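Contents: one structure, followed by commentary.
The values are calculated or read from the model by the stated rules, or taken from the named source; none is laboratory data. Just so we're clear, the structure is a prediction, and the values are computed from it rather than from any experiment. Glycine also receives a Cβ, built like all others from the backbone with ideal geometry; neighbour counts cover every protein chain displayed.
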Amino acid sequence: MIDRIAILGTGLLGTSIGLALRKSGFRGSIVGWNRSPAQAELALSMGALDLIATDAMRAARESQLVLLAVPIYATLDYMEQLSTILGPEQLVTDVGSTKSHITTAAGRLFNAPDRAAFLPGHPMAGKERGGAALADADLFRGAVWLFTDNRNWTRSLQSADLTRAWRERVAAFGSRIIDLDPKRHDELVAWVSHLPQFLATALSALLEEEVGDAPELKDVGGRGLSEMTRLGASPWSMWRDIAYTNTEAIDRAIAALEQRLSHIRENLRTPELRDEFEKANRFRQE
């Protein structure tokens with residue numbers, strides 16, 4: 001049973017998890033920490049936290065479950081620190097968007113009978129902008145929550161119980177749990193999450209450069225423009241670590257898209273253009 005949770009990182013996801021914990025009936029204590037005190041204060045005022053921690057490591061030591069809701073390289077740094085101060089009666093989990101680096105570090109630093117457990121996780125939910133102000137207790141309802149656990153890891157009985165309890169709590173958020181190999185995870189999200197982001201970024205940047213000063217642009221573009229460029233509002237700070245830690249898979253996806261666009265450009269006046277639309281329609285219907 002989980003009685004005390006420390007959330008390190010009270011931005012969009014961390015604060016949303018705090019709110020989801022409360023809405024799903026969690027009655028234990030939730031302590032939060034953020035590099036920006038204002039973000040932690042906002043999370044507290046929204047009811048996502050019971051207490052703001054002034055020392056992240058102390059908050060972790062005093063909790064059964066530690067949730068890392070920070071960028072990927074910060075997660076890796078915290079993993080190094082936490083591995084030396086936590087014990088086999090504790091569990092650490094994360095919400096990182098790439099999993100190969102984190103899962104490798106989890107096997108090296110955690111998941112042994114005399115150490116804390118680590119459960120690599122990734123909720124497929126979010127918004128184009130971050131921050132506690134946009135947090136939502138229902139953000140994870142109906143969403144997939146991916147885990148890249150390793151069956152070969154040997155955990156203490158206490159941390160194994162906490163791992164099961166956290167998975168049950170995630171299900172109580174209304175999420176559907178899927179377990180994936182970390183490499184397969186990174187390959188899939190490169191296609192379904194990272195490629196759409198970089199496509200929207202490229203399109204938005206191109207429009208800004210070519211017609212960004214046209215006063216009638218947004219009126220002419222309408223809903224199609226809004227939908228296609230929504231992700232273009234995502235900040236670099238949210239995507240830097242993703243690009244750095246999943247470079248090869250993202251590169252393959254972008255290269256394939258470049259080839260597809262080239263194929264369409266070459267067939268603007270041939271029946272093969274119709275075939276592309278039919279394939280796209282089938283994908284949307286499935």
Handout entry: Boolean, TYR73 is surrounded by fewer than 15 Cβ atoms within 10 Å (Cβ to Cβ) and of a type in the set (Ser, Thr, Tyr)
Key = yes
Handout entry: Any chance LYS183 is surrounded by 14 or more Cβ atoms within 10 Å (Cβ to Cβ) and of a type outside the set (Phe, Trp, Tyr)
Key = no
Exercise for the section: Restricting attention to region 194-237, report how many residues are within 21 Å of the chain's Cα centre (by Cα), surrounded by fewer than 14 Cβ atoms within 10 Å (Cβ to Cβ) and not in a helix (DSSP H, G or I). Expected result: 1
Practice task
Give GLU128, GLU80 a once-over and let me know the one that is of a type outside the set (Ser, Thr, Tyr) and surrounded by fewer than 15 Cβ atoms within 10 Å (Cβ to Cβ).
Solution key: GLU80
Exercise for the section: Please state which of the following conditions ILE178 fails to meet, knowing it meets all the rest: (1) surrounded by 17 or more Cβ atoms within 10 Å (Cβ to Cβ); (2) among the hydrophobic types (A, V, I, L, M, F, W, C); (3) touching a Leu at 6+ places or on another chain (Cβ under 8 Å); (4) within 23 Å of ALA249 (Cβ to Cβ). Expected result: (1)
Practice task
Tell me, please, whether a residue that is touching a Pro at 6+ places or on another chain (Cβ under 6 Å) and outside any helix (DSSP H, G or I) can be found in region 63-74.
Solution key: no
Exercise for the section: Would you please list the contacts, defined by Cβ atoms under 6 Å and residues six or more apart or on different chains, that run from a residue in region 261-281 that is over 19 Å from LEU195 (Cβ atoms) to a residue that is surrounded by 12 or more Cβ atoms within 10 Å (Cβ to Cβ) and not polar (S, T, N, Q)? Expected result: ASN267/LEU273
Exercise for the section: Keeping to region 135-167, report how many residues are of a type outside the set (S, T, N, Q) and part of a loop (DSSP other than H, G, I, E, B). Expected result: 13
Exercise for the section: All but one of (1) free of Cβ contacts under 8 Å to residues at least 12 places away in the same chain; (2) not in a helix (DSSP H, G or I) hold for GLY174, so report the exception by its number. Expected result: (1)
Practice task
Using the structure shown, decide if LEU257 is under 24 Å from GLY130 (Cα atoms), surrounded by 12 or more Cβ atoms within 10 Å (Cβ to Cβ), in contact with a Leu (Cβ under 9 Å, 6 or more places away or on another chain) and assigned by TED's automatic domain parsing to the domain that holds GLN197.
Solution key: no
Problem - Set ARG164, ARG240, ARG176, ARG169: member being in the same structural domain as MET124 (by TED's automatic domain parsing), modelled with pLDDT of 95 or more and under 16 Å from the mean Cα position of the chain (by Cα) - result: ARG176
